[in-house]
1. Across region A:46-65, what is the total count of residues that are within 11 Å of DNA strand C (Cβ to nearest atom) and in a helix (DSSP H, G or I)?
2. Might you check whether a residue that is within 14 Å of DNA strand C (Cβ to nearest atom), open to solvent by 70 Å² or more (accessible area, probe 1.4 Å) and away from chain A (no Cβ under 13 Å) occurs anywhere in region B:30-45?
3. Can you tell me which residues in region A:1-49 are small (Gly, Ala, Ser) and either modelled with pLDDT of 95 or more or in contact with a helix residue (DSSP H, G or I) (Cβ under 9 Å, 6 or more places away or on another chain) (or both)?
4. Filter region A:103-126 down to the residues that are more than 7 Å from every other protein chain (Cβ to nearest Cβ), free of Cβ contacts under 8 Å to residues at least 12 places away in the same chain and farther than 13 Å from B:PRO95 by Cβ and list them by number.
5. State all residues of region A:46-102 that are at the interface with another protein chain (Cβ under 10 Å from one of its Cβ atoms) and acidic (Asp, Glu); if no residue qualifies, say none.
6. How many residues are within 14 Å of DNA strand D (Cβ to nearest atom) and within 14 Å of A:ASN31 (Cβ to Cβ) if we restrict to region A:71-90?
7. So B:GLU24 clears everything in (1) of a type in the set (Asp, Glu); (2) within 16 Å of DNA strand C (Cβ to nearest atom); (3) in contact (Cβ under 8 Å) with a residue 24 or more places away in the chain except one condition, right? Which one?
8. Which number in (1) part of a helix (DSSP H, G or I); (2) at pLDDT below 95 marks the one condition that B:ALA126 misses?
Protein chains: 2
Amino acid sequence: MVTKQFTGSPDEADLRRADSLAREIFSDVANKWALLIIEALGDRTLRFGEVRSEIEGISHKMLTQNLRMLERYGLVERMVHPVVPPRVEYTLTEPGQALRVTIDGLCDWTHRYLGHIEASRHRFDA
Amino acid sequence: MVTKQFTGSPDEADLRRADSLAREIFSDVANKWALLIIEALGDRTLRFGEVRSEIEGISHKMLTQNLRMLERYGLVERMVHPVVPPRVEYTLTEPGQALRVTIDGLCDWTHRYLGHIEASRHRFDA
DNA sequence: CCGTATCCAATTCGATACTG
DNA sequence: CAGTATCGAATTGGATACGG
């Protein structure tokens, strides 16, 4: 009871926790490499090197880092085949697929407004 | 004809240009501050300071920088009222609104899978 | 082939100060 | 109030090397 007057009701505290968590997740996921990886995977199962060659310009380090993050978040599943040379495959999980749908929307948007944006940038720079 | 064997057909060249442009736009837009600003604006018209207080943790510099970029891309409109003290208002344009719809999807996704993700992270860290 | 670690250059970002 | 510029601190990210 004493603490309530300082921390607010439990409900409010829960909401604040959920909000800051949502914000944290949003911030991690809303970065170009993570989104491009999700998009590259699509509904396929790809090896590390295959993902890499699907995404122009991504470095080994960025790919590992983001794949690890996505695995940690449960958005991609990592399967290690105990062979030599190593074969490691990545697939989207169900949450990952759900995210992919929204990224598809973002990609569609990009292509749809390509012209608008290019023109606007040109105007702005004048 | 001579150049074709080095550059490919004009159609292919156009596609490559469009692709790299799409990628450039995607990379600029897919950053947390830009997306949070779009989301904060929604269908409202907000002053600089209002946007700032809607987005916890954004610095003056980041806000200006991203607002400028979004204006350049034609996603937000900037209205300057010639009064003192200055009053500058920002609104989403039609392309900005279209983008907002897809970001709404991303936000919904975040809240929907909050629990999954939190659990998965906890498991992973063990 | 895949993953981790290290080093270091480049960029990012916040804080601050100053202008209209 | 809104915007720009500047300056370090901190983070990022690429290159490289080595290990399983």
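The values are calculated or read from the model by the stated rules, or taken from the named source; none is laboratory data. As the structure is a computational prediction, the values presented were derived from the model and not from experiment. So basically every Cβ, Gly included, is an ideal-geometry build from the backbone, and we count neighbours across all protein chains shown. Ligands, DNA and RNA are stripped out before the accessible areas are found, and what is left, the full protein with its side chains, is counted by its heavy atoms. Shrake-Rupley method; radii C 1.70, N 1.55, O 1.52, S 1.80 Å.
1. Taking region A:46-65 and keeping what is within 11 Å of DNA strand C (Cβ to nearest atom), we get A:46-53, A:59-65.
With in a helix (DSSP H, G or I) added as a condition, the list becomes A:48-53, A:60-65.
Here the count works out to 12.
2. no
3. Within region A:1-49, the subset small (Gly, Ala, Ser) is A:8-9, A:13, A:18, A:20, A:22, A:27, A:30, A:34, A:40, A:42, A:49.
Once the filter is applied, which keeps residues that are small (Gly, Ala, Ser) and either modelled with pLDDT of 95 or more or in contact with a helix residue (DSSP H, G or I) (Cβ under 9 Å, 6 or more places away or on another chain) (or both), region A:1-49 yields A:GLY8, A:ALA13, A:ALA18, A:ALA22, A:SER27, A:ALA30, A:ALA34, A:ALA40, A:GLY42, A:GLY49.
4. Passing the criteria: A:HIS122, A:ARG123, A:ASP125, A:ALA126.
5. Passing the criteria: A:GLU56, A:GLU71, A:GLU94.
6. Within region A:71-90, the first condition is being within 14 Å of DNA strand D (Cβ to nearest atom), and the residues that meet it are A:80-88.
Next cut, within 14 Å of A:ASN31 (Cβ to Cβ) only: none.
Of the residues in region A:71-90, 0 are within 14 Å of DNA strand D (Cβ to nearest atom) and within 14 Å of A:ASN31 (Cβ to Cβ).
7. With (1) of a type in the set (Asp, Glu); (2) within 16 Å of DNA strand C (Cβ to nearest atom); (3) in contact (Cβ under 8 Å) with a residue 24 or more places away in the chain applied to B:GLU24, the lone miss is (3).
8. (1)
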